[in-house]
1. Given Cβ point charges of +1 (Lys, Arg) and -1 (Asp, Glu) and nothing else, what value in debye, to the nearest 20, does the dipole of the chain about its Cα centre take?
2. With mean projected area of the Cα convex hull in nm² in mind, check (i) 7.9; (ii) 4.5; (iii) 8.5 and report the label derived from this structure.
3. Could you give the length gained by full extension between Leu46 and Arg22, i.e. 0.36 nm per residue of separation minus their alpha carbon distance, to one decimal place?
4. Run the quick spin-label model on Thr38 and His11: label points 7 Å from Cα toward the beta carbon, then report their separation in nm to one decimal.
5. What FRET efficiency would be calculated for the residue pair Met1, Ser60, taking the C-beta separation as r and a Förster radius of 30 Å, to the nearest 0.05?
6. Could you check what % of the DSSP bridge pairs in the chain are antiparallel, to the nearest 5?
7. What is the angle, in °, between the Cα long axis of helix 29-45 and the longest principal axis of the Cα atoms in the chain? Nearest 10 is fine, range 0 to 90.
Amino acid sequence: MWKRFEIAPLHGAWEVSHNHVRFRACAGKRDAIRLALTLGRMQLRLGDGAEIVLKDENGSPRARRLYGEPAAH
């Protein structure tokens, strides 16, 4: 199953969401990125694909990383 993790700024913190559902808020951007990358690698080990998307203040994607095959979703 394909998973999507998004990292976006939210009220002075950085929110990590999983398939558009809020998962966790982190105080620092680096912590949020580290959490999302760890979750993505974990999905790959479980046999699922994952996409991590870093968004800016406007909600536009700034960076993206894929784990696994995109066609898997």
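The numbers here are math on the coordinates, done by the rules we state, and not lab data. The shown structure was predicted, so the numbers you read here are calculated from the model rather than taken from an experiment. Neighbour counts run over all protein chains shown; Cβ positions are idealised from the backbone, glycine included.
1. The dipole of the chain has a size of about 200 debye.
2. Comparing each candidate, only (ii) matches the computed number.
3. Stretched fully, the Leu46-Arg22 segment lengthens by 6.5 nm.
4. 2.4
5. About 0.70, to the nearest 0.05.
6. Of the beta bridges lying entirely in the chain, close to 75 percent run antiparallel.
7. The angle comes out at about 10 degrees.
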